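This report concerns only the one structure given below.
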Amino acid sequence: MNSRLFWKVVSLEARTKMSYRVEFWISAVAAFAADFGVVWFVWMAMFRESGAETIGGWTRDGIIIYYLTVVLVGKLVRYREFTGAISHDIYEGGLNRYLVFPVGYMPYKLAQRIGLQAPRIVQFALLGVIALLLVDIPAETAPTITTIVMAAATIAMAFLLSFMLDYCIHQVAFWADNVWSLDVAKWFVTSLLGGFMLPLSVFPGWAQDIMAWLPFRLLFDLPARVLLHRADAAEWALGLAAGVFWCAALWAAGRVLWRRGSLEYTGVGI
């Protein structure tokens, strides 16, 4: 797939996403308020009832800022509405048209994913600025040019990793009648072990040692901590390298699944 066509698909999907601007902004603000509101009340209650000054190395204000950052990062890393598209192509026979396209299926889907996510960059920036104005962020955790650049690279890696996870999981549709349960399981596991539900520092040491070898922490925890100055340059570079490794491994697995699954595909849908 040549670069001109790739970015043409990205542009088309972005314009389609922005066709309903009022719905786009209402759903964004409502989702952000719901996610952050639940977290705020839960952690306020935990600190109040426990009487602790810190939990998992985070103060009360620190944990709120962490979750604020994670919720914003999550907007760029994963896209809930897109994850079923690949399996739906297989189930409904829509994959037929992609098989005759002069482009690869995976690059085309990646271009669609980027296009659908691109408008959320504006959401990230706008909601981030509003958060800076409303929340008292300590000087030591305030974003700088360096951390923004480092975080941008980390978020781009996490986005690609999230896409590759979806790509591999939804190709199970070649053999299974429904992959919805796998998608739900993936959503829960990545949220729990990726730092979206809980900061990974609250887990026992042995659990953190295991999670250090898994790709999920690269999705939310690492980008958030980079933005908040909680990850040094060495950890950032190691995290990027690990992300590249996992993306390459999932890409290889996706190719194997595609080759074998396409042999099972009948083209009539179910």
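The values are calculated or read from the model by the stated rules, or taken from the named source; none is laboratory data. Computed from a prediction, not measured in an experiment: that's the story for all the values here. Here Cβ is always computed from backbone atoms with ideal geometry, including for glycine, and neighbour counts include all displayed protein chains.
Filtering segment 123-142 to residues that are β-branched (Val, Ile, Thr) and either touching a strand residue (DSSP E or B) at 6+ places or on another chain (Cβ under 6 Å) or outside any helix (DSSP H, G or I) (or both) leaves VAL135, ILE137.
Right, ASP166: surrounded by fewer than 16 Cβ atoms within 10 Å (Cβ to Cβ), farther than 22 Å from LEU68 by Cβ and charged (D, E, K, R) or not? Answer is no for this residue.
Criterion first (in contact (Cβ under 8 Å) with a residue 60 or more places away in the chain, surrounded by 13 or more Cβ atoms within 10 Å (Cβ to Cβ), within 16 Å of the chain's Cα centre (by Cα) and within 18 Å of ARG80 (Cα to Cα)) does ALA158 satisfy it? Taking the combined requirement at face value, the residue satisfies it. Residues being of a type in the set (Gly, Ala, Ser), under 17 Å from the mean Cα position of the chain (by Cα) and modelled with pLDDT of 90 or more are represented in segment 216-230 by at least one member. You will find that of PHE32, PHE6, the residue that is part of a helix (DSSP H, G or I) and at pLDDT below 85 is PHE32 and no other. Within segment 9-29, restricting attention to residues that are outside any helix (DSSP H, G or I) and of a type outside the set (Phe, Trp, Tyr), the residue that is farthest from THR59 (Cα to Cα) is SER19.
Of all residues in segment 64-80, one or more are outside any helix (DSSP H, G or I) and either crowded, with 20+ Cβ neighbours inside 10 Å or in contact with a helix residue (DSSP H, G or I) (Cβ under 9 Å, 6 or more places away or on another chain) (or both). Filtered by the rule that a residue be touching a Pro at 6+ places or on another chain (Cβ under 8 Å) and aromatic (Phe, Trp, Tyr), segment 55-75 gives TRP58, TYR66.
Against the conditions (1) surrounded by fewer than 16 Cβ atoms within 10 Å (Cβ to Cβ); (2) of a type in the set (A, V, I, L, M, F, W, C); (3) more than 20 Å from VAL70 (Cα to Cα), LEU133 satisfies every one except (3). If you go through segment 201-213 and pick out every residue that is in contact (Cβ under 8 Å) with a residue 12 or more places away in the chain and either in contact with a Lys or Arg (Cβ under 6 Å, 6 or more places away or on another chain) or loosely packed, with under 14 Cβ neighbours inside 10 Å (or both), you end up with 1. The sole residue among GLY93, GLY62, GLY74, GLY56 that is farther than 29 Å from MET197 by Cβ, in contact (Cβ under 8 Å) with a residue 40 or more places away in the chain and of a type in the set (Gly, Ala, Ser) is GLY93. Put simply, of ARG113, ARG97, ARG120 the only residue that is closer than 26 Å to ILE63 by Cβ, of a type in the set (D, E, K, R), at pLDDT 80 or above and outside any loop (DSSP other than H, G, I, E, B) is ARG120. Can you tell me which residue in segment 173-188 is farthest from ARG113 (Cα to Cα), limited to those that are touching a residue at least 40 places away in the same chain (Cβ under 8 Å) and of a type in the set (A, V, I, L, M, F, W, C)? Filtering segment 173-188 for residues that are touching a residue at least 40 places away in the same chain (Cβ under 8 Å) and of a type in the set (A, V, I, L, M, F, W, C), the one farthest from ARG113 (Cα to Cα) comes out as TRP175. If the condition is being of a type in the set (Gly, Ala, Ser) and either under 15 Å from LEU72 (Cα atoms) or surrounded by fewer than 11 Cβ atoms within 10 Å (Cβ to Cβ) (or both), then segment 10-51 contributes SER19, SER27, ALA28, ALA30, ALA31, ALA33, ALA34, GLY37, ALA45, SER50, GLY51.
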